[in-house]
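First up is the structure itself, then whatever we jot down about it.
The values are calculated or read from the model by the stated rules, or taken from the named source; none is laboratory data. This is a predicted model, so every value here is computed, not measured. Cβ placement follows ideal geometry from the backbone for every residue including glycine, while neighbour counts extend to all protein chains displayed. Side chains are part of the model used for accessible areas, which takes the heavy atoms of the whole protein and leaves out ligands, DNA and RNA. Shrake-Rupley method; radii C 1.70, N 1.55, O 1.52, S 1.80 Å.
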Amino acid sequence: MAQEEGQRIDPEITCHEVVQWASAYLDDHVGDERKRQIALHLAICAGCETYMKQIAMVRDLMGMLPRERDVSPDLQRLQRAFGERSRRP
Amino acid sequence: MNVHTSTVTTSLSYGIVSVQEPELEQPPAVVNREAVLLSRLRQGDEGAFNELVTHHHGALVRTAMGYVADRDVAEEVVQDTWMAVIEGLDRFEGRSSLRTWIFGIMIHKAKDRGVREKRHVNFSSFESVDEEGEEAVDPSRFHQSGEWAGHWAFPPQRWDDQTPEKLLASQQAVNAMNHAIEALPKNLKEVLILRDVEGIEAKEVCGILKITETNLYVRLHRARERVRQTVETYLEG
């Protein structure tokens, strides 16, 4: 969910809504008004604060998962093809 | 962990350029580096080519795995992709970044291969996600009515003392997360892999997959939520 435009944003926001905005909020992809609203909610709602931290942790974990093994291309074949391309008129 | 931390940034040497979004104002150094690389490639500079292949190959194979579900096939798809890149270098117009272009070729080939190789189509490939319909989080965790409608009825429990490092030290937790990613429907898996696993900027992911940012975040959040549920089950299980 990215920016909403031209929509009036209700000052009240439910936990259910905060949860739906969590990923966009963490990536800073919500409008300023929505961002303030969520930040205010997080300051007073332990459940949503916990939820937001968990999503942030999942996001960070995804980039840190161990790679199965290094994958190497068939570099020789590719280099040969690349070299042939260069020699084309 | 601070909830306001910005996204983990990557320091990929080919940078993040989306010429279709000029308002992004990429640092000139990034744009120049890409222009220099492209010009070296077109002149047949083997060093530049090796650099390009080495840099992107692993990410391409991992992403291809999201479509074909078989490692050998994924590697073949990527090998074919490189051949197409070599063939297409002169036609590449630089309207997107090199990476966006290369990933676009790979995804096209991987999808095509996935369709042809029916025997590799696994369970998750059949599952499609209704973009609007399905809730990311189980609605029964919230009050359905009354004064507290929409607020937590069963809030998540804190993962006290858990750090990413601690979780990653547990083989069981790593397996559970990998399994959760593997089980995602394709349209959730592709955004999670590109955005979070490979760390590609949101705008570029949208360019690669040809989707809107709204769509990206709907999918990305569903994917992260499924992994979060897996971790929750692992910790509380």
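For the range B:227-237, the set of residues classified as surrounded by fewer than 20 Cβ atoms within 10 Å (Cβ to Cβ) and farther than 16 Å from A:MET52 by Cβ consists of B:THR233, B:TYR234, B:LEU235, B:GLU236, B:GLY237, listed by residue number. Listed conditions (1) at pLDDT below 90; (2) in a helix (DSSP H, G or I); (3) within 13 Å of the chain's Cα centre (by Cα) are all met by A:ARG85, apart from (3).
Restricted to the range B:35-59, and to residues that are touching a residue at least 12 places away in the same chain (Cβ under 8 Å) and more than 21 Å from B:ARG91 (Cα to Cα), which residue is surrounded by the fewest Cβ atoms within 10 Å (Cβ to Cβ)? Among those residues, the one meeting the criterion is B:HIS55. Do we have B:ARG226 as facing chain A (nearest Cβ under 9 Å) and of a type outside the set (A, V, I, L, M, F, W, C) here? Taking the combined requirement at face value, the residue does not satisfy it. Scanning the range A:1-36 for residues that are of a type in the set (S, T, N, Q), modelled with pLDDT under 95 and part of a helix (DSSP H, G or I) turns up just one, A:GLN20. Of the set (1) assigned to a helix (DSSP H, G or I); (2) within 30 Å of A:LEU26 (Cβ to Cβ); (3) modelled with pLDDT of 50 or more, all apply to B:ASP80 but (2). Taken over the range B:119-145, the criterion of being part of a loop (DSSP other than H, G, I, E, B) and at pLDDT 90 or above is satisfied by B:HIS143, B:GLN144, B:SER145.
Where helices (runs of 4 or more DSSP H) fall wholly inside the range B:153-224, the ranges with 3 or more residues that are open to solvent by less than 50 Å² (accessible area, probe 1.4 Å) and closer than 30 Å to A:THR14 by Cα are B:171-182, B:186-191, B:202-209. For the range B:66-75, the set of residues classified as within 12 Å of another protein chain (Cβ to nearest Cβ) and either in contact (Cβ under 8 Å) with a residue 12 or more places away in the chain or open to solvent by less than 20 Å² (accessible area, probe 1.4 Å) (or both) consists of B:ALA74, B:GLU75, listed by residue number.
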